[in-house]
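Working notes for the structure below.
The values are calculated or read from the model by the stated rules, or taken from the named source; none is laboratory data. All values derive from a computational prediction rather than experimental measurement. So basically every Cβ, Gly included, is an ideal-geometry build from the backbone, and we count neighbours across all protein chains shown.
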There are 2 protein chains.
Amino acid sequence: MNIYDVSEHAHVSIATVSRVINGNPNVSEKTRKRVLAVMDELGYTPNVFARSLGLNTMKTIGIMCADSSDPWLAEAVYFLEKQLRSSGYDSILCCSGYLPETKKKYLELLRSKRVDAIILAGSHYVEAREKDNAYLLEAAKDIPIMLVNGCLEGGQIYSTVCDDQAAVYSAAAKLYQSGRSALLYLYSGTSYSNLRKLSGYRQATAAASLPVRDELMVLCSKDPDLAMEQLKELSDSGIKFDSILAAEDILAVGAVKYANQTGISIPEGLSIIGYNNSILSRCTTPEITSVDNKVEALCTTTVNTLMKVLEGGNVPAKTTITPELIKRGTTNF
Amino acid sequence: MNIYDVSEHAHVSIATVSRVINGNPNVSEKTRKRVLAVMDELGYTPNVFARSLGLNTMKTIGIMCADSSDPWLAEAVYFLEKQLRSSGYDSILCCSGYLPETKKKYLELLRSKRVDAIILAGSHYVEAREKDNAYLLEAAKDIPIMLVNGCLEGGQIYSTVCDDQAAVYSAAAKLYQSGRSALLYLYSGTSYSNLRKLSGYRQATAAASLPVRDELMVLCSKDPDLAMEQLKELSDSGIKFDSILAAEDILAVGAVKYANQTGISIPEGLSIIGYNNSILSRCTTPEITSVDNKVEALCTTTVNTLMKVLEGGNVPAKTTITPELIKRGTTNF
DNA sequence: TTGTAGGCGTTATCAC
DNA sequence: GTGATAACGCCTACAA
């Protein structure tokens, strides 16, 4: 069942069938109808492989993320796929894990599939050391590379980021303004995004004329129970804190559990702010005040930018989205 | 940069280059090395489009799910993609939503991309009315259709399911054995899987010589707060219950919130069991006893079965995985 | 408005 | 072991 079968049955040439398929206006209404009828009758579908070969594109975008089961990344993948599909593109998903070697390997793999562009979702793709990002710059020579919540400069690289630093700064400032003075900062990694957040915490602390103390910046487990235990140990070791700002909701969940288990009242005895405004922030009692970093807006913007790039339009290399603090029961402002 | 360039530089025919690419043994070691060297030097990568055209396959599987941001489905997509990739297949993701028309539309769309098979993740693809599944049977005439946690009989349809009915039965039975007599069942939909679960609840209740009461089977919102409000209303309206079995963890979270807000002790005043053993079950205080329905095993099995099918092997049309009850703080057994 | 023919880059079937 | 050559199914000048 191919274009020749259709052309025979409709008594036209394959060129005419092709024109009908592609909506070329140079076909008489009568012919078009006949061809369409035959295609319908025969249940004909154009062969995408042949089409791809001729056009040298499959209208497919590669979506890479470290782990699509991570709640934030799962949402990102969802919105990206949705937006891409509504723009007429398919999505090839590729979970690369967190290791630099596998990231690189999978990027090459996607490239070898001749996708039209690659979207890197999440802040795990920009490494601190410049040379570790060289492979991205190299790939961007051939196809557009889109970063979702990561930032890198280079040829065809386009970044859409949420201003994490400003968000953390503002959240920390709010806690200080509400009378807190010992703000514990919990984080879980050292990606670009994490470093920016940490920097926001430092700046807000300094701006509040408070000392930036190393023991108040804690690398914390992403398991709520382990996080809780860690906080107990911290407290037992004599470190005092009256508020917690977490780089991810899951860490804030650990903080709520810590307070609940040790009988500390929230928010009076301990104020807590999470990050991502995920479903996790609404599963605890009380619910967690959290920074919404606008996954949907990030993803929609990324795809829209990409579409402009693919159309040959001129677009900015970096777009910044403003996050928003969602107030719930773990803060008293 | 194509096979002709390589053949020229290596002073061989394109046939030989092709043989080298495909690991055909009928090439002398000397020639193979020379060709490989040239390919490396030229940075040659075979064109997948041309290859697909010739072989009539792209080694790509379509993964459909209703909503890849749903935690359970997100995990499923993750494990499926991982396992497929390790088997040498790409994954085209397609989020179909929950509406029958769009599910059908997207399945057709995937088919038109000539994927080698389609995996339907989640229990939302098998409708109660037989005629609503006709399109799946139709599609299964052309390519293998794999159901993850759904069950349907027909040509090339292969189902891998977790025995939800038995799991719910066993969980309910445990609650009754521990002395509970008014078990409220919360569910959130009427998919195949949901109906099976409900049936498990009914059976366990009957087996415990208790009346199966309609007012104790409640269709519940997936928002934890709305669920909590619903439970309050239920209680206010005079309905008594001493335990809750939820068809999804998120509903159980609502139950925990309800107890916490109304001062009911857990598990003494109210025992709660969730379903899915998701991260949500570990975010509340106390943590939620939950049924683990083995997403990873489900997905790995599905892909392994698919690989056998694609190799032409003989495989069972249905595989059942046994779930497991993970005991935590919301039950006292 | 329609048809013809060449090209896209492989794989596979023959010969040699 | 190697090479020529015909598919694979479509798109697109160019011709008519």
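One line per residue, one yes/no per condition, for (1) out of contact with any strand residue (DSSP E or B) (no Cβ under 7 Å at 6 or more places or on another chain); (2) closer than 23 Å to A:Ala167 by Cα:
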residue: A:Lys232; (1), (2): yes, no
residue: A:Leu245; (1), (2): no, yes
residue: A:Ile250; (1), (2): yes, yes
residue: A:Ile264; (1), (2): yes, no
residue: A:Val291; (1), (2): no, yes
residue: A:Asn304; (1), (2): yes, no
residue: A:Leu325; (1), (2): no, yes
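Could you please find all residues in segment A:114-153 being buried (at least 21 other Cβ atoms within 10 Å of the Cβ) and within 14 Å of another protein chain (Cβ to nearest Cβ)? Passing the criteria: A:Val115, A:Ile118, A:Ile119, A:Ala121, A:Gly122, A:Ala139.
Looking only at residues of segment B:87-101 that are away from chain A (no Cβ under 11 Å) and not hydrophobic (A, V, I, L, M, F, W, C), we find that the one that is surrounded by the fewest Cβ atoms within 10 Å (Cβ to Cβ) is B:Glu101. When segment B:42-58 is filtered for residues that are closer than 20 Å to B:Glu8 by Cα and in contact with a helix residue (DSSP H, G or I) (Cβ under 8 Å, 6 or more places away or on another chain), the ones remaining, listed by number, are B:Leu42, B:Tyr44, B:Thr45, B:Pro46, B:Asn47, B:Ala50. Say we look at segment B:9-40 and pick out the residues that are surrounded by 14 or more Cβ atoms within 10 Å (Cβ to Cβ) and free of Cβ contacts under 8 Å to residues at least 12 places away in the same chain; which of these is farthest from DNA strand C (Cβ to nearest atom)? Here the residue is B:Val27.
Yes/no matrix, rows are residues, columns are (1) near DNA strand D (Cβ under 10 Å from one of its atoms); (2) on the phi < 0 side of the Ramachandran plot; (3) of a type in the set (A, V, I, L, M):
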position: A:Val6; (1), (2), (3): yes, yes, yes
position: A:Glu41; (1), (2), (3): no, yes, no
position: A:Tyr44; (1), (2), (3): yes, yes, no
position: A:Asp67; (1), (2), (3): no, yes, no
position: A:Leu109; (1), (2), (3): no, yes, yes
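From the list B:Leu245, B:Leu251, B:Leu226, B:Leu234, the one residue that fits, being closer than 22 Å to B:Pro211 by Cβ and part of a helix (DSSP H, G or I), is B:Leu234. Among the residues of this structure, B:Leu84 counts as one that is in contact with a helix residue (DSSP H, G or I) (Cβ under 7 Å, 6 or more places away or on another chain) and surrounded by 22 or more Cβ atoms within 10 Å (Cβ to Cβ). Note on segment A:52-67: residues that are assigned to a helix (DSSP H, G or I) and at pLDDT below 95 total 3.
Residues checked against (1) in a loop (DSSP other than H, G, I, E, B); (2) away from DNA strand C (no atom under 16 Å from the Cβ); (3) over 18 Å from A:Ile143 (Cβ atoms); (4) among the aromatic types (Phe, Trp, Tyr):
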residue: A:Ser69; (1), (2), (3), (4): yes, yes, yes, no
residue: A:Leu80; (1), (2), (3), (4): no, yes, no, no
residue: A:Gly88; (1), (2), (3), (4): yes, yes, no, no
residue: A:Tyr98; (1), (2), (3), (4): yes, yes, yes, yes
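Among the numbered conditions (1) within 12 Å of another protein chain (Cβ to nearest Cβ); (2) within 23 Å of A:Val253 (Cβ to Cβ); (3) not aliphatic (A, V, I, L, M), tell me where B:Cys299 comes up short. For B:Cys299, the failing item is (2). Scanning segment A:273-289 for residues that are within 13 Å of chain B (Cβ to nearest Cβ) and touching a Ser or Thr at 6+ places or on another chain (Cβ under 8 Å) gives A:Gly274, A:Asn276, A:Ser278, A:Ser281, A:Cys283, A:Thr284, A:Thr285, A:Pro286, A:Glu287, A:Ile288. For first residues located in segment A:41-63 and more than 8 Å from chain B (Cβ to nearest Cβ), partners that are assigned to a loop (DSSP other than H, G, I, E, B) and surrounded by fewer than 14 Cβ atoms within 10 Å (Cβ to Cβ) and lie 6+ apart or on another chain with Cβ distances below 6 Å form the pairs A:Tyr44/A:Met1. Of the residues that make up segment B:31-39, is at least one of a type outside the set (Phe, Trp, Tyr), out of contact with any Leu (no Cβ under 7 Å at 6 or more places or on another chain) and within 8 Å of DNA strand D (Cβ to nearest atom)? Looking through segment B:31-39, at least one residue is of a type outside the set (Phe, Trp, Tyr), out of contact with any Leu (no Cβ under 7 Å at 6 or more places or on another chain) and within 8 Å of DNA strand D (Cβ to nearest atom).
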